[in-house]
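Asks: Before we start, here is the structure in question, set down as structure tokens.
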Amino acid sequence: MSAIPGRALHYVFKIGDRAKNAFFFRQILGMKVLRHEEFKEGCDAECNGPYDNRWSKTMVGYGPEDSHFVIELTYNYGVSSYKMGNDFGGVTIHSTEILSQAAKHSYPVQKVAGKGSLLTSPDGYKFYVIEQPAASSDPVQSVELNVSNLQTSRKYWHELLQMQLLDENKQSLRLSYGGTQATLQITEIKEPLDRAKAYGRIAFAIPSAKQPPLHEAVKAANGTILKPLITLDTPGKATVSVLILADPDGHEICFVDEEGFGELSQVEPDGDARLDKYIAKDPFQPK
């Protein structure tokens, strides 16, 4: 299999209260709603987790998905919370505005040595803020996943999935598919890894022609394939092909075709308004 020209897209969080999360991501982190989609039944690729019910997807970030790493917020109607594990390390953001916004709204901030200022989302997801201007157009610098064995993870992410190894020490790896995109940090922890119920999923875009060879390479390596290549439809939008994998610790990884995703992920001018409309009419949303 030749080298993969990949691009980091987003990380998926399951959320329990859309109103609280809308406030946190918009007013505190300063992200924008890029698109909002509603679904009547569960996703064939389990994008919303193992739930076959009505759910919504809200993409938030600092700019369009074709040039920024963003966050996907999945909300399952009627599910108010998810048990948090220790598999997700956090998102690191470079910003000179977030801490002042947090102070303005009296949002709690904790200093963490070597990692900046910690803000925790309403569902418990960690965001580390480095108070400096972003080196590129995207303030999101990295996403951290915790693993049980660094060398096993190195072999999987670097050798099998062909991510470039940017930095390495005894505790962690930093990887990327290139360019100025957000990097992936893999950190080994001593305690047993627990994905619990709040586990997420990281997504990358690759050319559609690269999906079958990747599928075959993972199969040949006896890697975990959660969903073989399938197509997903979004009403009124482009169809995409996706391959869902799991690393040795069970971290879910989505490889979507760049061509279809480029069409699917266009910014919706009314995304904010649509999110607010569905929050207001949600029978499960606290009033």
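The values are calculated or read from the model by the stated rules, or taken from the named source; none is laboratory data. These numbers come from a predicted model, not from an experiment. Here Cβ is always computed from backbone atoms with ideal geometry, including for glycine, and neighbour counts include all displayed protein chains.
Asks: All but one of (1) under 20 Å from Cys254 (Cβ atoms); (2) in contact (Cβ under 8 Å) with a residue 60 or more places away in the chain hold for His158; state the number of the condition that does not hold.
Replies: So His158 meets the others, but not (2).
Asks: While we're looking at this one, here's another question. Against the conditions (1) more than 30 Å from Ser80 (Cβ to Cβ); (2) touching a Pro at 6+ places or on another chain (Cβ under 8 Å), where does Val147 fall short? Just the number, please.
Replies: (1)
Asks: Okay, next question. Taking Tyr128 as meeting all but one of (1) in a strand (DSSP E or B); (2) aromatic (Phe, Trp, Tyr); (3) out of contact with any strand residue (DSSP E or B) (no Cβ under 8 Å at 6 or more places or on another chain), write down the number of the exception.
Replies: All conditions pass for Tyr128, except number (3).
Asks: Under the condition of being part of a helix (DSSP H, G or I) and among the basic types (Lys, Arg), which residue from the stretch 15-47 is farthest from the chain's Cα centre (by Cα)?
Replies: First, the residues of the stretch 15-47 that are part of a helix (DSSP H, G or I): 18-28.
With among the basic types (Lys, Arg) added as a condition, the list becomes 18, 20, 26.
Numbers: Arg18: 17, Lys20: 19, Arg26: 17 Å.
Here the residue is Lys20.
Asks: When you check Thr96 against the structure, is it under 27 Å from Thr183 (Cα atoms) and either buried (at least 17 other Cβ atoms within 10 Å of the Cβ) or of a type outside the set (S, T, N, Q) (or both), yes or no? Break it down stepwise before answering.
Replies: Details: under 27 Å from Thr183 (Cα atoms): yes; either buried (at least 17 other Cβ atoms within 10 Å of the Cβ) or of a type outside the set (S, T, N, Q) (or both): no.
For Thr96, the condition - under 27 Å from Thr183 (Cα atoms) and either buried (at least 17 other Cβ atoms within 10 Å of the Cβ) or of a type outside the set (S, T, N, Q) (or both) - is not met.
Asks: Does Leu29 satisfy the criteria of being over 20 Å from Ile244 (Cα atoms), touching a helix residue (DSSP H, G or I) at 6+ places or on another chain (Cβ under 8 Å) and of a type outside the set (S, T, N, Q)? Even if it seems obvious, please write down each step before you answer.
Replies: Working: over 20 Å from Ile244 (Cα atoms): yes; touching a helix residue (DSSP H, G or I) at 6+ places or on another chain (Cβ under 8 Å): yes; of a type outside the set (S, T, N, Q): yes.
Yes, satisfied.
Asks: Separate question: Just to confirm my filter: which strands (runs of 3 or more DSSP E) fall fully inside the stretch 135-229 and include at least 2 residues that are of a type in the set (D, E, K, R) and at pLDDT 95 or above? Please lay out each step first, then the result.
Replies: Values: elements: 140-147, 164-168, 172-176, 183-188, 201-206.
Result: 164-168.
Asks: Could you go through the stretch 194-203 and let me know if any residue there is farther than 18 Å from Val12 by Cβ and crowded, with 19+ Cβ neighbours inside 10 Å.
Replies: No, because not a single residue in the stretch 194-203 is farther than 18 Å from Val12 by Cβ and crowded, with 19+ Cβ neighbours inside 10 Å.
Asks: State which residue pairs qualify: first residue more than 19 Å from Gln185 (Cβ to Cβ) and inside the stretch 72-100, second residue of a type in the set (Ser, Thr, Tyr) and in a loop (DSSP other than H, G, I, E, B) in any location, beta carbons under 6 Å apart, and separation of 6 or more residues or different chains.
Replies: Cβ pairs passing all conditions: Asn76/Tyr51.
Asks: Going through Asp282, Asp272 one at a time, which residue ends up being touching a strand residue (DSSP E or B) at 6+ places or on another chain (Cβ under 6 Å) and surrounded by 15 or more Cβ atoms within 10 Å (Cβ to Cβ)?
Replies: Details: Asp282 fails: touching a strand residue (DSSP E or B) at 6+ places or on another chain (Cβ under 6 Å).
Exactly one residue qualifies, and that residue is Asp272.
Asks: Residues that are more than 21 Å from the chain's Cα centre (by Cα), farther than 15 Å from Tyr11 by Cα and among the aliphatic types (A, V, I, L, M): does the stretch 221-235 have at least one?
Replies: yes
Asks: I would also like to ask the following. What number of residues in the stretch 234-252 are at pLDDT below 95, in a loop (DSSP other than H, G, I, E, B) and in contact with a Leu (Cβ under 8 Å, 6 or more places away or on another chain)?
Replies: Summing the residues that are at pLDDT below 95, in a loop (DSSP other than H, G, I, E, B) and in contact with a Leu (Cβ under 8 Å, 6 or more places away or on another chain) in the stretch 234-252 gives 4.
Asks: Let me ask something additional. In the stretch 235-258, is there at least one residue being loosely packed, with under 15 Cβ neighbours inside 10 Å and out of contact with any strand residue (DSSP E or B) (no Cβ under 9 Å at 6 or more places or on another chain)?
Replies: yes
Asks: Given the conditions (1) exposed (fewer than 14 other Cβ atoms within 10 Å of the Cβ); (2) basic (Lys, Arg); (3) within 16 Å of Arg7 (Cβ to Cβ), report the number of the one that Lys190 does not fulfil.
Replies: Of everything listed in (1) exposed (fewer than 14 other Cβ atoms within 10 Å of the Cβ); (2) basic (Lys, Arg); (3) within 16 Å of Arg7 (Cβ to Cβ), Lys190 misses just condition (3).
Asks: Take the stretch 17-32 and flag every residue that is touching a Phe, Trp or Tyr at 6+ places or on another chain (Cβ under 9 Å) and either over 13 Å from His105 (Cα atoms) or hydroxyl-bearing (Ser, Thr, Tyr) (or both).
Replies: Hits for the stretch 17-32 are Asp17, Arg18, Asn21, Met31, Lys32.
Asks: Moving on to the next point. Among the residues in the stretch 173-185, are any more than 20 Å from Phe69 (Cα to Cα) and not charged (D, E, K, R)? Don't jump to the end; show me each part of the working.
Replies: Our first condition is that a residue be more than 20 Å from Phe69 (Cα to Cα); within the stretch 173-185, this holds for none.
Looking for residues that are more than 20 Å from Phe69 (Cα to Cα) and not charged (D, E, K, R), one finds none in the stretch 173-185, hence no.
Asks: What residue, of Tyr82, Tyr75, is within 25 Å of Gly260 (Cα to Cα) and under 18 Å from the mean Cα position of the chain (by Cα)? Write out each step before concluding.
Replies: Values: Tyr82 fails: within 25 Å of Gly260 (Cα to Cα).
Of Tyr82, Tyr75, the one residue that is within 25 Å of Gly260 (Cα to Cα) and under 18 Å from the mean Cα position of the chain (by Cα) is Tyr75.
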